[in-house]
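Step one of this worksheet: look at the structure below.
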Amino acid sequence: MREYTIKGKLHKVYEPGDKIPQGISPRKDWIDARIGDWILADDKCIIQVLRRTKLSNQQTVGTCTGTYYKDIDTIKKANIYSLCGKVHANNIHERKKPTKNEELFAGRVAGGQDPVKAYLDVYPAKSEKYAKRMSALLLKTERVDSLVNEKLKDTFDSLGVDLKYLIGTAKDITDSSKNDSDRIRTLNMLWDAFGVIEKQKITSVTGIFQGLTEKQLAEAKRPELPENV
């Protein structure tokens, strides 16, 4: 016999060979069982029905080990309320094809909207704390990250911003600028969003354009002011 605690209450699973208490008469037609009925699962174990719900247009039966609509066993699932038996976070990580909501979410983030606000606008969530956690989780997945990058690239293309533009602007600043800190910060954002170089803190003009020769870099350095005598 196995025991599982669900919502503070102990539930038992009787295995083949266990002594079944008096009063427990398991049904074989478990698909029509009512809440509270004991049923004979396909693995020959006896378990009690705790829930009857409708998920994905399927009538399901819930027990202390999982949720089922066709074949039923008594192997404890990671998420007993999901038909696939997996926790929601695992589903998000393992999914290969983006959903419609994920496409909408990625489009909003690529357009500059705060990820938490984007999540709340797209998904039926009300908690900002939950939205913060889930939006961060989505952005870490390869499929959503790729979607955001694709939509960002479309935006860059529409504005005529490409690698040639970025390098050309960096070279112009390096060659001729006296004090262009505002443009450097803006350009740094472009580099970061475009994904050309690894994210890093750029503290000087020479850090932006690393393709210059040593001579060009020396010429581009700001001349040092003489010390006061």
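List of remarks:
- Test for Ser181: is it modelled with pLDDT of 65 or more and not assigned by TED's automatic domain parsing to the domain that holds Thr99: yes
- Filter pass, Ile39 being aliphatic (A, V, I, L, M) and modelled with pLDDT under 90: no
- Among the residues of segment 16-41, the ones that are acidic (Asp, Glu) and surrounded by 13 or more Cβ atoms within 10 Å (Cβ to Cβ) come to 2 in all.
- Unmet criterion (only one of (1) modelled with pLDDT of 90 or more; (2) of a type outside the set (Val, Ile, Thr); (3) farther than 30 Å from Tyr119 by Cβ) for Arg51: (3)
- Test result for Thr65, in the same structural domain as Pro16 (by TED's automatic domain parsing), without any contact (Cβ under 8 Å) to a residue 24 or more places away in the chain and hydroxyl-bearing (Ser, Thr, Tyr): no
- Among the residues of segment 1-41, those identified as touching a residue at least 24 places away in the same chain (Cβ under 8 Å) and touching a strand residue (DSSP E or B) at 6+ places or on another chain (Cβ under 6 Å) are Arg2, Tyr4, His11, Lys12, Val13, Tyr14, Ile20, Trp30, Ala33, Ile39, Ala41.
Conditions tested, residue by residue: (1) over 30 Å from Trp38 (Cβ atoms); (2) without any contact (Cβ under 8 Å) to a residue 60 or more places away in the chain.
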site	(1), (2)
Ile75	no, yes
Ile80	no, no
Phe105	yes, yes
Val116	yes, yes
Val122	yes, yes
Lys140	yes, yes
Glu150	yes, yes
Thr155	yes, yes
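- Top-ranked residue in segment 123-144 [being under 14 Å from Glu103 (Cα atoms) and surrounded by 14 or more Cβ atoms within 10 Å (Cβ to Cβ); ranked as farthest from the chain's Cα centre (by Cα)]: Tyr123
- Selection of segment 47-78 for residues being closer than 18 Å to Asp18 by Cβ and surrounded by fewer than 18 Cβ atoms within 10 Å (Cβ to Cβ) yields Asp73, Ile75, Lys76.
The values are calculated or read from the model by the stated rules, or taken from the named source; none is laboratory data. Please read these numbers as outputs of a predicted model, since none were measured by experiment. FYI the Cβ positions are ideal-geometry reconstructions off the backbone, even for glycines, and counts take in every protein chain you see.
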